[in-house]
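Written below as structure tokens is the structure these notes are about.
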Amino acid sequence: MATKGVQKSAFTNQTFDFLQDLVQHNNREWFQANRARYDTAKAELCGVVERVLTGMSAFEPLANTAVKDCIFRINRDIRFSKDKAPYKSHLAFAIGPGGRHSGRIDYYVQIQPGNQSFLGAGMWQPTPANLAKFRQEIDYNAGELKQIIEAEEFRTYFPEAHGESTKTAPKGYPADHPELDLLRRKELFFVHRFSDKDVLKAGFADEIVKGSRLLKPYCDFLNYLFFDEKEEPILL
């Protein structure tokens, strides 16, 4: 998981200065002229990701996960977007087995000036099949999920639950269902926000590990539900 040439495992003001300037000069000419500044910011990002991977390996199967596989490109996909700015105004990475394309519920971190940095994970834009599994589980046994997301330590660290909900009870579920709020959820993504001061602390990577450990039971719940659930054998 080591990244050649990476020495630091923390962010500096240089990275925030670059991202703030990029917002004001989001064009290829400026970016190429400031490529060295981006390379410095990316090196800091790699150092943080390396430290996060090392810490999370204690509770996640990340042995074959490389730093480069976790980091998102700064280039935007503008093919179908009205906004033609070529670059993102943030840095981001996702931790999962094999990196950002694990295909499972993973841990997402976004670094953005203006106190907009965050760690998050959960159900986001699920397939219709996975959403149906989620609702079926809530209808059958909401207790397991509620025990995770309503635990005091979890709620304190992740006070924000993001995502869309239906206005009424989903089809097939009564309007007076005792778990209607959860059933109405189309997405359920939990976030912990970091101030710029938090991100610039030497122990920021360790804080990401701490938050990810708290998120793990929720990620495990969803991964089992969506990807690991085995059909019961049919007895003849």
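The values are calculated or read from the model by the stated rules, or taken from the named source; none is laboratory data. Everything numeric in this text was worked out from a predicted model, so none of it was measured. With ideal geometry, Cβ positions are generated from the backbone for all residues, glycine too; neighbour counts draw on all protein chains shown. These area figures cover heavy atoms from the full protein model, side chains too; ligands, DNA and RNA do not enter into them. Shrake-Rupley method; radii C 1.70, N 1.55, O 1.52, S 1.80 Å.
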Among E29, E137, E44, the residue with the largest mean-square fluctuation in a Gaussian network model of the chain built from Cα contacts under 10 Å is E29
5 Å is the cut-off here: which amide hydrogens, built 1.01 Å from N in the peptide plane, fall below it relative to S165, excluding neighbours closer than 5 in sequence?
K186
Given a 1.4 Å probe, how much area per residue of the range 95-236 is accessible, in Å²?
57
So how tilted is helix 13-24 from the main axis of the chain? Cα-based, degrees 0 to 90, rounded to 10.
80
Where the convex hull is taken over the Cα atoms of the range 97-143, what is its projected area averaged over directions, in nm²?
4.9
The chain - percent relative contact order, Cα under 8 Å, separation 6 or more:
22
Rg over Rh, two decimals, the range 131-236 (C-alpha only, Kirkwood Rh)
1.06
Under Karplus coefficients 6.51, -1.76 and 1.60, residue-wise ³J(HN,Hα) of the range 50-60 in Hz, glycine/proline x
4, 5, 5, 4, 4, x, 6, 4, 5, 9, 10
Give the carbon-plus-sulfur fraction of the accessible surface of the range 29-172 in %, rounded to a whole number; probe 1.4 Å, heavy atoms of protein chains only.
49
Rounded to the nearest 10 Å², what accessible area does L22 show when all protein chains are kept and the probe is 1.4 Å?
0
Shape parameters for the chain, alpha-carbon atoms, Rg then Dmax in Å
19.8, 71
Which trypsin sites (Lys or Arg not before Pro) from the range 55-142 combine a DSSP loop assignment with at most 15 other Cβ atoms within 10 Å?
R73, R76, R79, K82, K84, R104
How much FRET efficiency would the formula 1/(1 + (r/R0)^6) give for A36 and H101, where r is the Cβ-Cβ distance and R0 is 35 Å, rounded to 0.05?
0.75
GNM on the chain, Cα springs under 10 Å; top mean-square fluctuation among H177, H90, H162 goes to H177
Could you please tell me the mean projected area of the C-alpha convex hull for the range 92-191, averaged over all directions and given in square nanometres to one decimal?
7.6
Note down the Stokes-Einstein diffusion coefficient of the range 24-157 in µm²/s, whole number, using a Kirkwood radius over alpha carbon pairs, 37 °C, and 0.692 mPa s.
187
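Which value, in nm² and rounded to one decimal, describes the direction-averaged projected area of the C-alpha convex hull of the range 1-82?
Values: hull surface 28.0 nm².
Mean orientational projected area (the range 1-82, Cα hull): 7.0 nm².
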